[in-house]
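Colleague: Take this structure, written in structure tokens, and hold onto it; I'll ask about it next.
Computed from the coordinates by the stated procedures, all read-outs in this text should not be read as laboratory data. These numbers come from a predicted model, not from an experiment. Because the Cβ atoms are built from the backbone with ideal geometry, glycine has one as well, and the counts that use them run over all protein chains shown.
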2 protein chains.
Amino acid sequence: RLLYEAVRAIGFSKDFAGKRILVTAGATQEAIDPVRYITNHSTGKMGYEIAKAAHFRGAEVTLVSGETALSVPPGIEFVQVISAEEMYRACTELASSCDVIIKAAAVADYRPAHTAEQKMKKGGELTIPLIQNKDILKELGQVKRSGQILVGFCMETQNLLENAEKKLNAKNLDMICANTIGTPGAGFGTDTNTITLLTKNGAKIPLPNMSKFDAGMKILDEVLKLNGEK
Amino acid sequence: RLLYEAVRAIGFSKDFAGKRILVTAGATQEAIDPVRYITNHSTGKMGYEIAKAAHFRGAEVTLVSGETALSVPPGIEFVQVISAEEMYRACTELASSCDVIIKAAAVADYRPAHTAEQKMKKGGELTIPLIQNKDILKELGQVKRSGQILVGFCMETQNLLENAEKKLNAKNLDMICANTIGTPGAGFGTDTNTITLLTKNGAKIPLPNMSKFDAGMKILDEVLKLNGEK
């Protein structure tokens with residue numbers, strides 16, 4: 001902890017001093033009943049490393065996270081959520097006070113239309129009707145205030161850059177971090193990632209495979225540039 | 001590790017020496033697509049503690065486990081599985097060579113009828129048709145050989161003992177460990193549990209709240225008794 005604090009204090013330039021950053025991380029859990037739920041393979045590592053990098057660079061960081069096996073980096077304000085609906089409430093409450101919002105969480109697009117109060121008994125055929133969750137990123141894009149930087153993530157198994165660009169424009173983002181599964185050393189659960197950054201100015205910045213912390217640093221570098229251009 | 005080995009060597013009577021035990025643990029993951037899946041809140045702790053207790057008492061232990069955040073206790077043969085189907089294959093392969101089978105895993109009853117090869121895109125209404133997974137415990141009960149002890153678990157939110165007794169009989173078990181969620185200090189993710197053991201001889205043994213390791217020891221005590229009666 002002491003070493004961590006020393007590294008934080010002297011190892012990094014404080015170019016985010018005075019900035020409030022909201023980072024989201026992890027997967028949400030959408031309950032089917034008290035026992036079963038729908039989730040995804042996000043482990044939260046990417047978001048936690050971004051939060052740590054921003055804190056090292058002097059930002060005041062709030063991390064809103066789904067359930068993960070990770071420990072919260074010291075010095076970061078932490079908000080625990082379970083479902084996409086809780087993630088929505090936390091983000092919309094915090095967003096307006098933040099200069100930068102980086103949404104690295106893998107929020108479920110859908111949830112079961114009904115959550116059973118008791119464990120469902122087995123028997124016969126079953127289908128789970130789903131309803132769409134609110135699109136947090138899109139809503140934050142709609143209420144984005146002047147000077148605020150909004151960064152999203154995009155995880156695809158095909159047509160990565162095409163889908164990323166669509167999402168960047170449709171949701172009024174300043175930047176999107178496109179990553180894929182199926183690439184070795186990238187995606188869910190790994191300590192490294194291979195990301196391409198796309199900005200609203202049309203820049204496409206393919207990053208080589210690197211640690212998620214280093215990728216977080218690169219993302220923050222681009223955020224600063226976008227901030228300077230605003 | 002040295003201390004662990006010393007405790008194992010001298011801290012426990014070796015009343016399971018020469019016995020092969022199969023223990024299952026954790027939740028299975030049933031893929032919707034490469035990103036999303038259905039799972040449950042089991043963390044694997046109960047099964048891992050039973051495996052450890054059996055190893056301490058001299059058994060040759062194989063642990064078949066879904067994805068967990070736990071580390072495998074030393075000296076135990078470990079088989080990693082993801083889905084209920086993989087769990088089924090591992091268990092049916094191993095079962096016949098084991099003297100005792102304790103199924104503490106929370107295996108999904110259902111899986112999506114189709115697993116999408118690519119990440120599904122958002123849009124409109126969606127339902128997930130499910131199909132039943134094979135009933136591993138029931139199949140093991142059907143092929144149980146003379147002298148073999150088969151122990152199941154039962155997690156219910158209501159009518160616990162009634163459902164447990166039904167399952168005990170329907171699946172030809174020797175014992176069932178009934179536990180519930182909603183009781184403080186019991187169920188998923190906790191270090192303690194409150195279990196009632198029901199045997200095929202009609203015994204109902206309500207255990208007080210205790211560590212999952214101690215609960216594992218009690219389960220093994222009853223297994224030995226049942227074994228003596230065979």
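Colleague: Starting from the 7 Å offset along Cα-to-Cβ, what nm value, one decimal, do you get for the label separation of B:ASN227 and A:ALA9?
Modeller: About 5.9 nm, to one decimal.
Colleague: May I pose another question? Mind checking which of B:ALA90, B:ALA215, B:ALA51 has the largest fluctuation in a GNM of chain B, springs on alpha carbons under 10 Å?
Modeller: B:ALA90
Colleague: Compute the signed sum of charges (Lys and Arg +1, Asp and Glu -1) over the other residues within less than 14 Å, Cβ to Cβ, of A:ASP33.
Modeller: For residues surrounding A:ASP33, the net value is +1.
Colleague: With charges set only on the Cβ (+1 for Lys and Arg, -1 for Asp and Glu), what does the dipole of region A:112-180 come to about its Cα centre, in debye to the nearest 20?
Modeller: With only Lys, Arg, Asp and Glu charged at Cβ, the dipole is about 240 debye.
Colleague: Something else about it: Return the subset of A:LYS119/B:LYS119; B:LYS45/B:LYS119; A:LYS52/B:LYS121; B:LYS171/B:LYS225; A:LYS134/A:LYS225; A:LYS119/B:LYS171 for which the Cα-Cα distance in this structure is over 24 Å, preserving the input order.
Modeller: Correct reply: A:LYS119/B:LYS119; B:LYS45/B:LYS119; A:LYS52/B:LYS121; A:LYS134/A:LYS225.
Colleague: Treat every Asp and Glu Cβ in region A:2-229 as -1 and every Lys and Arg Cβ as +1, leave all other atoms uncharged, and give the resulting dipole magnitude about the Cα centre to the nearest 20 debye.
Modeller: 120 debye
Colleague: So the label point sits 7 Å from Cα along the Cα-to-Cβ vector; using that for B:THR115, what distances do you get to the other copies, in nanometres, sorted shortest first?
Modeller: In ascending order, 2.7 nm.
Colleague: Hydropathy first: keep DSSP H helices in chain A averaging at least -0.5 on Kyte-Doolittle, then drop any whose Cα extent along the axis falls short of 24 Å, and list what survives.
Modeller: A:212-229
Colleague: Here's something else I'd like to know. What number, rounded to the nearest 500 deg cm²/dmol, is the helix-based mean residue ellipticity at 222 nm of chain A, given -39500 (n - 2.57) per DSSP H run of at least four residues and division by all its residues?
Modeller: It comes out at -9000 deg cm²/dmol, rounded to the nearest 500.
Colleague: If we restrict to alpha carbons, what Rg and Dmax does region B:1-117 come to, in Å?
Modeller: Computed over the Cα atoms of region B:1-117, radius of gyration and Dmax are 15.6, 52 Å.
Colleague: So what's the gap between the Cα centers of region B:129-148 and region A:91-118, to the nearest angstrom?
Modeller: The distance from the Cα centre of region B:129-148 to that of region A:91-118 comes to 39 Å.
Colleague: Please compute the net charge surrounding B:ALA215, taking Lys and Arg as +1 and Asp and Glu as -1 over other residues with Cβ under 14 Å from its Cβ.
Modeller: -1
Colleague: With θ set to phi - 60° and the Karplus curve 6.51 cos²θ - 1.76 cosθ + 1.60, what are the ³J(HN,Hα) couplings of region B:63-74 in order, to the nearest whole Hz, using x for Gly and Pro?
Modeller: Result, ordered by residue: 10, 9, 9, x, 4, 9, 9, 8, 9, 6, x, x Hz.
Colleague: Give the residue from A:VAL143, A:THR62, A:ASN209 lying farthest towards the positive end of the charge dipole for region A:2-229; charges sit on Cβ (+1 for Lys and Arg, -1 for Asp and Glu) and the dipole is referred to the Cα centre.
Modeller: The listed residue farthest towards the positive side: A:VAL143.
Colleague: Then there is this: Placing the label point 7 Å from Cα along the Cα-to-Cβ direction, what are the distances from B:SER97 to the equivalent spots in the other copies, shortest first, in nm to one decimal?
Modeller: 6.0
Colleague: Compute the convex hull volume of the Cα atoms of the protein assembly as shown, divide it by the residue count, and report the result per residue in Å³ as a whole number.
Modeller: Spread over its residues, the Cα hull of the protein assembly as shown gives 154 Å³ apiece.
Colleague: Starting from one equal scatterer on each C-alpha and no solvent at all, send me the Debye-based log10 I(q)/I(0) for chain B at q = 0.07, 0.12, 0.16 Å⁻¹, two decimals.
Modeller: Evaluating at q = 0.07, 0.12, 0.16 Å⁻¹ gives log10 I(q)/I(0) of -0.23, -0.65, -1.12.
Colleague: Ignoring solvent entirely, what values of log10 I(q)/I(0) come out of the Debye formula for region B:1-68 at 0.25 Å⁻¹ when each Cα is a single scatterer?
Modeller: Treating every Cα as an identical point scatterer, log10 I(q)/I(0) equals -1.03.
Colleague: Taking the alpha-carbon centroid of each part, what is the distance from region A:1-24 to region B:1-73 in angstrom?
Modeller: Rounded to whole Å, the Cα centres lie 40 Å apart.
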